[in-house]
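*Asks:* The structure follows.
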Amino acid sequence: MLAMTLNAPGQPLVLSELPLPEPGEHEIRIKVLACGVCRTDLHIVDGDLPLRQPGIVPGHEVVGRVVAAGRLAARFQLGDRVGIPWLGGTCGHCLYCEERKENLCDTPVFTGYDRNGGFAEYAVADERFCFALPERYDDLHAAPLLCAGLIGYRAYRLSGVTGAMRLGLYGFGAAAHIICQIAVAQGQQVYAFVRPGDQQGQRFALGLGACWAGTSDTRPNAELDAALIFAPVGSLVPAALRATRKGGVVVCAGIHMSDIPSFEYALLWGERSVRSVANLTRADGDAFFSLIERYPVTTHVQPFALAQANEAIAALRAGMIDGAAVLAP
């Protein structure tokens, strides 16, 4: 099968011929129909995250149909369409797993990082960590739901916003464009922050229901109740605190962020809080897919061929994607 592999950090992905993967006992093999390109993939390629497996196939927003199953895999049938997310496996017995915090498992397995992902014609996954996908989304538009949607939802949930509160979104990319629609549907006022000079990004956010859009170096016209930071820029933490009211919450939603600069304690005082989001749980997935049955969202995607994965990553790095880039093998 054809796959895009990463041999060393900082190098382009290489179109390679790999053996067809065989599913283990609890695993399924899928024919990949689409795979989103996530900022985490960019961090892996650029070396912001240490490379664990030379020659790894990135990609963890994988949509495909089951074509083979292991001996103990019985959850899905041949031909079923499934989604493979970032969290590909856990130990099941560490303190965090026992506390139902599997996103913090001490020995997790991540798709496209510890095991080959979806930048390929075929992939295998533990079926216990896969999701059935809503039929209303075609393959391309379902792919971003599997990380941008799931991580955005977890960050949104942990922010505590409810009702007609004011929510700030810093970095209006794949995750923000999904959670913006959910927040607006639930009655929140969304304030979108984009990189300086990105007028197209401001228009994109306003078109999805944001009540205000501006650059990340400006203050909004009202105090925020909570802010979600999706851009991997540490200086946005004090900026978000400045924009957030007393008692508000700032959630850092990325797996990697540049160093957070020092800031005066007055920004944190007033019972403001800063927290991070790590990975996802299967319960997050169930809740998210249930939520978008009630509040349907439209994912905006830019498709690329499998062999164009490097172009897709470059476009993401340059901030040239409104919504999400998706590979279509």
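The values are calculated or read from the model by the stated rules, or taken from the named source; none is laboratory data. Being a predicted model, the structure only gives us computed values, none of them experimental. Positions of Cβ are backbone-derived with ideal geometry, glycine not excepted, and every protein chain shown enters the neighbour counts.
*Asks:* Taking segment 195-215, which residues are farther than 19 Å from Ile151 by Cα and assigned to a helix (DSSP H, G or I)?
*Replies:* Correct list: Gln199, Gln200, Gly201, Gln202, Arg203, Phe204, Leu206, Gly207.
*Asks:* I've got another one for you. Tally up the residues in segment 141-179 that are part of a helix (DSSP H, G or I) and either touching a Leu at 6+ places or on another chain (Cβ under 8 Å) or surrounded by 24 or more Cβ atoms within 10 Å (Cβ to Cβ) (or both), please. Step through it out loud before you land on a result.
*Replies:* To start, the set of residues in segment 141-179 that are part of a helix (DSSP H, G or I) comprises 141-146, 148-159, 174-179.
Still in the running and either touching a Leu at 6+ places or on another chain (Cβ under 8 Å) or surrounded by 24 or more Cβ atoms within 10 Å (Cβ to Cβ) (or both): 142-146, 148-156, 159, 174-179.
Here the count works out to 21.
*Asks:* In addition: Look at segment 70-113 and say how many of its residues are in contact with a Pro (Cβ under 6 Å, 6 or more places away or on another chain) and either outside the structural domain of Leu33 (by TED's automatic domain parsing) or farther than 21 Å from Ala283 by Cβ (or both). Explain how you work it out, then say what you get.
*Replies:* Here is the first cut: in segment 70-113, the ones in contact with a Pro (Cβ under 6 Å, 6 or more places away or on another chain) are 70, 90, 112.
Still in the list and also either outside the structural domain of Leu33 (by TED's automatic domain parsing) or farther than 21 Å from Ala283 by Cβ (or both): 70, 112.
Counting residues in segment 70-113 that are in contact with a Pro (Cβ under 6 Å, 6 or more places away or on another chain) and either outside the structural domain of Leu33 (by TED's automatic domain parsing) or farther than 21 Å from Ala283 by Cβ (or both) gives 2.
*Asks:* Among the residues in segment 259-270, are any among the charged types (D, E, K, R), touching a residue at least 24 places away in the same chain (Cβ under 8 Å), surrounded by fewer than 16 Cβ atoms within 10 Å (Cβ to Cβ) and outside the structural domain of Gly89 (by TED's automatic domain parsing)? Spell out the reasoning first.
*Replies:* Here is the first cut: in segment 259-270, the residues among the charged types (D, E, K, R) are 259, 264.
Among the residues that remain, those that are also touching a residue at least 24 places away in the same chain (Cβ under 8 Å) are: 259.
Among the residues that remain, those that are also surrounded by fewer than 16 Cβ atoms within 10 Å (Cβ to Cβ) are: 259.
Next cut, outside the structural domain of Gly89 (by TED's automatic domain parsing) only: 259.
There is at least one residue in segment 259-270 that is among the charged types (D, E, K, R), touching a residue at least 24 places away in the same chain (Cβ under 8 Å), surrounded by fewer than 16 Cβ atoms within 10 Å (Cβ to Cβ) and outside the structural domain of Gly89 (by TED's automatic domain parsing).
*Asks:* Tally time: how many residues in segment 118-140 are of a type outside the set (Phe, Trp, Tyr), more than 17 Å from Arg282 (Cα to Cα), buried (at least 24 other Cβ atoms within 10 Å of the Cβ) and within 16 Å of the chain's Cα centre (by Cα)?
*Replies:* Here the count works out to 1.
*Asks:* Pairs, please: C-beta under 7 Å, at least 6 apart or cross-chain, first residue assigned by TED's automatic domain parsing to the domain that holds Leu140 and in segment 291-316, second basic (Lys, Arg) and surrounded by 16 or more Cβ atoms within 10 Å (Cβ to Cβ)?
*Replies:* Leu316/Arg39
*Asks:* If you don't mind, there's one more thing I want to ask. Any idea how many residues of segment 275-325 are farther than 24 Å from Arg128 by Cα and either out of contact with any Asp or Glu (no Cβ under 7 Å at 6 or more places or on another chain) or at pLDDT 95 or above (or both)? Reasoning before the result, please.
*Replies:* Restricting attention to segment 275-325, the residues satisfying the condition of being farther than 24 Å from Arg128 by Cα are 275-276, 294-325.
From what's left, either out of contact with any Asp or Glu (no Cβ under 7 Å at 6 or more places or on another chain) or at pLDDT 95 or above (or both): 275-276, 294-318, 320-325.
Residues that pass the stated criteria total 33.
*Asks:* Taking the conditions exactly as written (assigned to a helix (DSSP H, G or I), small (Gly, Ala, Ser) and in contact with a Gly (Cβ under 9 Å, 6 or more places away or on another chain)), does Ala240 satisfy them or not? Don't jump to the end; show me each part of the working.
*Replies:* On the way: assigned to a helix (DSSP H, G or I): yes; small (Gly, Ala, Ser): yes; in contact with a Gly (Cβ under 9 Å, 6 or more places away or on another chain): yes.
Yes: the conditions hold for Ala240.
*Asks:* Being outside any loop (DSSP other than H, G, I, E, B), in contact with a Gly (Cβ under 9 Å, 6 or more places away or on another chain), surrounded by 16 or more Cβ atoms within 10 Å (Cβ to Cβ) and among the aliphatic types (A, V, I, L, M) is the filter here, so list the residues in segment 47-86 that pass it. Let's see the steps before the verdict.
*Replies:* First, pick out the residues of segment 47-86 that are outside any loop (DSSP other than H, G, I, E, B): 56, 62-69, 81-84.
This time we only want the ones that are in contact with a Gly (Cβ under 9 Å, 6 or more places away or on another chain), so: 56, 62-67, 81-84.
Those still in the list that are surrounded by 16 or more Cβ atoms within 10 Å (Cβ to Cβ) too: 56, 62-66, 81-84.
Scanning segment 47-86 gives Ile56, Val62, Val63, Val66, Val82, Ile84.
*Asks:* Can you name every residue in segment 180-194 that is outside any helix (DSSP H, G or I) and hydrophobic (A, V, I, L, M, F, W, C)?
*Replies:* Filtering segment 180-194 down to residues outside any helix (DSSP H, G or I) leaves 186-194.
If the condition is that a residue be outside any helix (DSSP H, G or I) and hydrophobic (A, V, I, L, M, F, W, C), then Val190, Ala192, Phe193, Val194 are the ones that fit.
*Asks:* Looking at segment 69-120 only, could you name the residues that are among the aromatic types (Phe, Trp, Tyr) and within 20 Å of Pro58 (Cα to Cα)?
*Replies:* Selection gives Trp86, Phe110, Tyr113, Phe119.
*Asks:* Name the one entry in His43, His93 that is out of contact with any Ser or Thr (no Cβ under 7 Å at 6 or more places or on another chain) and in a helix (DSSP H, G or I). Quick ask: steps written out before the conclusion?
*Replies:* Values: His93 fails: in a helix (DSSP H, G or I).
Testing whether each residue is out of contact with any Ser or Thr (no Cβ under 7 Å at 6 or more places or on another chain) and in a helix (DSSP H, G or I) leaves just His43.
*Asks:* A follow-up question, please. Take the residues of segment 172-183 that are out of contact with any strand residue (DSSP E or B) (no Cβ under 6 Å at 6 or more places or on another chain) and at pLDDT 95 or above: which is farthest from His300 (Cα to Cα)? Reasoning before the result, please.
*Replies:* From segment 172-183, those out of contact with any strand residue (DSSP E or B) (no Cβ under 6 Å at 6 or more places or on another chain) are 173, 175, 177-179, 181-182; that's our starting set.
Add one more test, that the residue is at pLDDT 95 or above, and what stays is 175, 177-179, 181-182.
Working: Ala175: 11, His177: 8, Ile178: 9, Ile179: 12, Gln181: 12, Ile182: 14 Å.
Per the criteria, the residue is Ile182.
*Asks:* Which residues, counting only those in segment 250-285, are over 24 Å from Thr90 (Cβ atoms) and of a type in the set (D, E, K, R)?
*Replies:* Asp259, Glu264, Glu271, Arg272, listed by residue number.
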